[in-house]
Amino acid sequence: MTFRRTRCPQCAKKLEAGQRIHTDCIAPWADAQQAKKERAQAKAARAAAKVERAGIRARREAIKTLPELHREAQAAFNAFVRARDAGKPCICCGLPLSAGDVGGKYDCGHYRSVGSAPHLRYDERNAHGQRKQCNRWGAGRAVDYRLGLIERIGQEAVEALESDNAPRKWTREELVAIRNEYRQKAQGMMQFET
């Protein structure tokens, strides 16, 4: 049993016996077939380019140095803290974080600075939203920060932070995990706000 085409593949009108396509439809049908082939090739090229970009991203990620990963992890952590503390007052002065627009809105201020206590740089108890005037030009206002910190997390937690001097080294995998975790948390908080 052989298949017999009864309709033209281009115009869908009835064919006469023995015809496979109307003679008027040959050129448009060929053009349509060529366009279909070109679309398939373009789709394959886009897929190949996507795979290539993913490979490039993976190679770039693999050659990042520890300082680069620390910068990315710190930026993600700071963004999370700023999102977490968006509606709270400044930890030091108690003014709204948006008060004072010098250099932008506000910082993620660390109670024990990243320079003096690098092992606490990703500790959420050690970082809070702080106005730029207090953090940058007020030298962190450590005494006021401590008072605000006691109010937020309690005396025992503050003393635990102050006595924590254990050295800490992060591996590449830990830094990537910290970066990804805080990016995801910050993204979740920003979606929750809107």
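The values are calculated or read from the model by the stated rules, or taken from the named source; none is laboratory data. These numbers were taken from a predicted model, which means no experiment stands behind them. Quick reminder, even Gly has a Cβ in these numbers, built from the backbone with ideal geometry, and neighbours come from all protein chains shown. Only protein heavy atoms, including side chains, enter the accessible area calculation; ligands, DNA and RNA are left aside. Shrake-Rupley method; radii C 1.70, N 1.55, O 1.52, S 1.80 Å.
Could you work out the local net charge near Ala54, counting Lys and Arg as +1, Asp and Glu as -1, over the other residues with Cβ closer than 15 Å to its Cβ?
Net charge around Ala54: +4.
Given a Förster radius of 22 Å and the C-beta distance between Ala139 and Ser163 as r, what FRET efficiency does 1/(1 + (r/R0)^6) yield to the nearest 0.05?
Rounded to the nearest 0.05, the efficiency is 0.45.
Can you give me the accessible area per residue for the stretch 72-194, using a 1.4 Å probe, in Å²? Intermediate values should be presented prior to the final figure.
Numbers: 6700 Å² over 123 residues.
Solvent-accessible surface per residue comes out at 55 Å².
Any idea what the relative contact order of the chain is, in percent, if you count C-alpha pairs under 8 Å spaced at least 6 apart? If you can, show how the numbers build up before the last one.
Numbers: 186 pairs, mean separation 42.1, N = 194.
It comes to 22 percent, rounded to a whole number.
Before rounding to the nearest 500, sum -39500 (n - 2.57) across all DSSP H runs of length at least 4 in the chain and divide by the residue total; then give [θ] at 222 nm in deg cm²/dmol.
Taking each H run of at least 4 residues, the total per residue is -17500 deg cm²/dmol.
State the answer as a single residue: which of Ile150, Gly55, Ala83 lies farthest towards the positive end of the charge dipole of the stretch 47-187, with beta carbon charges of +1 for Lys and Arg and -1 for Asp and Glu, about the Cα centre.
Gly55
In the neighborhood of Ile153, defined by Cβ-to-Cβ distances under 14 Å, what is the net charge if each Lys or Arg adds +1 and each Asp or Glu adds -1?
-2
With all protein chains present, how much of the accessible area of the chain (probe radius 1.4 Å) comes from carbon and sulfur, to the nearest whole percent?
On the way: 7150 of 12890 Å².
With neighbouring chains kept in place, the figure for the chain is 55 percent.
First select every other residue whose beta carbon is under 9 angstrom from the beta carbon of Cys134; then total the charges, Lys and Arg +1, Asp and Glu -1. Kindly include the intermediate steps, with their values, before the conclusion.
Values: positive: Arg131, Lys132, Arg136, Arg141; negative: Asp107, Asp144.
Local net charge: +2.
Can you pull out the trypsin sites (Lys or Arg not before Pro) in the stretch 129-180 whose DSSP state is coil and whose Cβ has at most 10 other Cβ atoms within 10 Å?
Taking the stretch 129-180 and a limit of 10 other Cβ atoms within 10 Å, the loop trypsin sites (Lys or Arg not before Pro) found are Lys169.
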